[in-house]
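*Asks:* Structure below; questions to follow.
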Amino acid sequence: MTHSSPLTVLIADDDLVLRAGLAGTLQRGSGLTVVETASGAEAVKIAEETGPDAALVGARIPALGASGAVKDLSAVAPVVLLAFPGDGEAVREALAQGATASLVYGSFTPPELAEAVRAVARSGAGQDEVDAITGVRGPAAAAALRADSGLTGREAQVLRLVAGGMSNAMIADHLVVSEKTVKNHINHIYAKLHVRNRTQAIERWRASEAVGV
């Protein structure tokens, strides 16, 4: 679809500070038109009335999953769930209800968020495309693992490369970073996943893929 006017994004989150921060970022830095609400039910009503190009929905809106708001919203506009570490269950439920993708706070920059919104709105980009924008090369199943464990986008990217059989040196070359940086990422991954070695980390990654989120 070709848009002659700025894209409109609906932001639904009951945390006023977070919502205002997201709205300000998208309006000032990206020229997007923003509509805000604190309620999942109100978000559906607004979406049906205004037809936004995309919706950003906070994973912690009370009774979000039970209300079916994500399912109803996704029938009107692509939904991107914004989650915190520990919100894995909410991510899984939202994706099951039809959310297009999810992002974990701390794994994206404001420009990346704006670009993800544009990609989802204009081309129906899914989780893989959103991950690519934010530096994560992986399937949608990884979203719940990132939310559960608190992995950053780069850490999830490194873990996927590890699971793909790459050595630290190969990963460093692939990401154009030092091998020391890769080692630091891997140490952080071990700590966040509560594993002690490469084999256990890979098992966690593959388990997240097997869930089929």
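The values are calculated or read from the model by the stated rules, or taken from the named source; none is laboratory data. What you see is a predicted model, and the numbers here were worked out from it, not measured in a lab. Note: ideal-geometry Cβ built from the backbone for every residue, glycine included; neighbour counts use all protein chains shown. Only protein heavy atoms, including side chains, enter the accessible area calculation; ligands, DNA and RNA are left aside. Shrake-Rupley method; radii C 1.70, N 1.55, O 1.52, S 1.80 Å.
*Asks:* Using only helices, what value at 222 nm comes out for the chain when you add -39,500 (n - 2.57) per DSSP H run of length 4 or more and divide by the total residues, to the nearest 500 deg cm²/dmol?
*Replies:* Calculated at 222 nm, the ellipticity per residue is -17000 deg cm²/dmol.
*Asks:* May I pose another question? Only bridges with both residues in the chain count here: give the DSSP antiparallel percent, nearest 5.
*Replies:* 0 percent
*Asks:* With angles folded into 0 to 90 degrees, how steeply does helix 110-123 sit against the dominant principal axis of the chain? Use alpha carbons for both and round to 10.
*Replies:* The angle comes out near 70 degrees.
*Asks:* Round to the nearest 10 and give me the degree value, 0 to 90, for the angle of helix 153-163's Cα axis relative to the longest principal axis of the chain.
*Replies:* With rounding to tens, the tilt is 40 degrees.
*Asks:* Among the lysines, select those whose C-alpha is under 27 Å from the C-alpha of Lys45, and discard any that sit fewer than 8 residues away in the same chain.
*Replies:* List returned: Lys71.
*Asks:* Let me ask you something else. For the chain, what does the accessible surface come to per residue with a 1.4 Å probe? Please give it in Å².
*Replies:* Result: 45 Å² per residue.
*Asks:* Just going by the charge dipole of the range 10-106, with Lys and Arg at +1 and Asp and Glu at -1 on Cβ, which of Leu22, Pro62, Ala99 is farthest out on the positive end?
*Replies:* Leu22
*Asks:* Relative contact order for the range 45-204: what is it in percent, counting Cα pairs under 8 Å that are at least 6 residues apart?
*Replies:* Answer for the range 45-204 is 18 percent.
*Asks:* Could you state the orientation-averaged shadow area of the convex hull built on the Cα atoms of the range 69-193, in nm² to one decimal?
*Replies:* That works out to 7.5 nm², a quarter of the Cα hull's surface.
*Asks:* Then there is this: Could you work out how far helix 16-30 tilts from the main Cα principal axis of the chain, as a 0 to 90 degree angle to the nearest 10?
*Replies:* The two axes meet at around 90 degrees.
*Asks:* Give me the extension gain from Ala132 to Thr33: residue separation times 0.36 nm, minus the current Cα-Cα distance, reported in nm with one decimal.
*Replies:* Net length gain for the segment: 33.2 nm.
*Asks:* Between Ala207 and Lys183, what is the label-point separation in nm under the 7 Å Cα-to-beta-carbon projection?
*Replies:* 2.8 nm
*Asks:* While we're on this one: How much net charge surrounds Ser39 when only the other residues with a Cβ under 11 Å from the Cβ of Ser39 are counted, with Lys and Arg +1 and Asp and Glu -1?
*Replies:* Summing Lys and Arg as +1 and Asp and Glu as -1 gives -3.
*Asks:* Rounded to the nearest 10 Å², what accessible area does Asp128 show when all protein chains are kept and the probe is 1.4 Å?
*Replies:* Near enough 90 Å² of accessible area.
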